[in-house]
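The block underneath contains the structure these notes are about, expressed in structure tokens.
The values are calculated or read from the model by the stated rules, or taken from the named source; none is laboratory data. Being a predicted model, the structure only gives us computed values, none of them experimental. All Cβ positions, glycine included, derive from the backbone under ideal geometry; neighbour counts span all protein chains shown. These accessible areas exclude ligands, DNA and RNA; they are computed on the full protein's heavy atoms, side chains included. Shrake-Rupley method; radii C 1.70, N 1.55, O 1.52, S 1.80 Å.
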Amino acid sequence: MNVSHDDLRKAALKSGISSDQADLLWQALQSEAARTEKPKFDVTHVAYYFGALIVIGAMGWFMNVSWEQFGGPGIFVISSCYAVCFILAGRTLWNQNFRIPGGLLFSIAVCMAPLATYGVERWTGFWPDHDPGNYTNFHPYINGSWLIMESMTIVAGLIALRFWRFPFLTAPIAYALWYMSMDLVDLLGNHQGMGWEEKQVVSCVFGGVMLLAAYLTDLHGKSDDFAFWGYLFGLMAFWGSLTSMDSDSELNKFIYCLINLGLIVCSLLLRRRVFIVFGSLGVFGYLGHLAYRVFADSILFPFILSILGIGIIFAGLQYQRRRKAIDQHLRKSILPRLRAAIPARALAE
């Protein structure tokens, strides 16, 4: 809930609080907000995050083959020096209470881990599977030989989190886990002779484990959001592999629709919009299958869907009209049983 100074003064007058007391309360709130700075959508924070993404991209996605001329030792030394400089600068800003730019510099340092690890592997010639080629192949191509690089990124991120509790540090960890869900499948497939369907199952399970870990983090979290990136990349692994599974069974396709409806329900319970994005895409995909495959020659199907949509809108309207009574009923009969399973952040919204 966003409250302005004027809103606070008006509420104070209605509650019998003097304007001077309201001003003192506003100053206390501003001091607390400055002490616990959180990301928000303004010029300063956009500049912080946009600049950080450019640096991460420069040392990752936009890396070109010319860096190979430094060889493994050169790549390791340069990336390590980058990481040390970012850590030192980040620590200086962090200690000066500039938590967001300092935390972003720590995140950039973590993102140097795969490049430094690549330098060591190129230097020693050791790869989990086979030589994957230049570092420029790391982001666009799935390869089991990237696993050590991803593992070291996760380790570096966890170590950074141990010293600096900054939520964005979970982004490179979750990103590396998402890559690992694909590269691990590739490595196992090469050694175990796994088929495409088996690889999809492994990736789907991996994504489910990521979602469970993010949920447990969310459940035991307090004010800062350390679960968002785990939810996002966990859903990308889970939902992506689930959606890519091909089946001629209409029952399996219907179960797929139910799973996506479950994601929408999770979005409401956990207050996470990312679930409704993936869930809605899945439901619309299933409805498209019904429209173009199952009921391709049906005249009534579009009308039935329209009635269903209008019914959902009507249900939402009725809920809005009776929201207070429905919410009270839910709090008395249902929420007490679910309260322990819902993150405190979601209950507070």
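Could you put GLU198, GLU68 in order of accessible surface area, largest first, with the 1.4 Å probe and the full protein assembly present?
GLU198, GLU68
Loop by DSSP (not H, G, I, E, B), at most 14 other beta-carbon atoms within 10 Å: where is the longest site-free stretch of the chain for chymotrypsin sites (Phe, Trp or Tyr not before Pro)?
Here the longest run is 142-349.
With a 1.4 Å probe and every protein chain left in place, tell me how much accessible area VAL202 has, in Å² to the nearest 10.
The value for VAL202 is about 40 Å².
Quick one: check the C-alpha center-to-center distance for region 205-224 versus region 83-157, whole angstrom.
So the two Cα centres are separated by 23 Å.
Just to be sure I understand, if you calculate semi-axes √(5λ) of the Cα gyration tensor in Å for this structure, which of [x] 42, 34, 23; [y] 31, 25, 23; [z] 40, 35, 16 do you get?
Comparing each candidate, only [z] matches the computed number.
For the chain, report the accessible area per residue in Å² (1.4 Å probe, heavy atoms, rounded to an integer).
Result: 60 Å² of accessible area for each residue.
For region 127-250, give the percent of accessible area contributed by carbon and sulfur heavy atoms, probe 1.4 Å, rounded to a whole number.
65 percent
Enumerate by residue number the trypsin sites (Lys or Arg not before Pro) in region 157-254 meeting two conditions: DSSP loop (anything except H, G, I, E, B), and at most 10 other Cβ atoms within 10 Å of the site's Cβ.
The qualifying sites are LYS222.
Hey, what do the phi angles of region 62-71 turn into as Karplus ³J(HN,Hα) couplings, whole Hz, using 6.51/-1.76/1.60 and θ = phi - 60°, x for Gly and Pro?
With the stated coefficients, region 62-71 comes to 9, 5, 10, 5, 5, 5, 5, 5, 6, x Hz.
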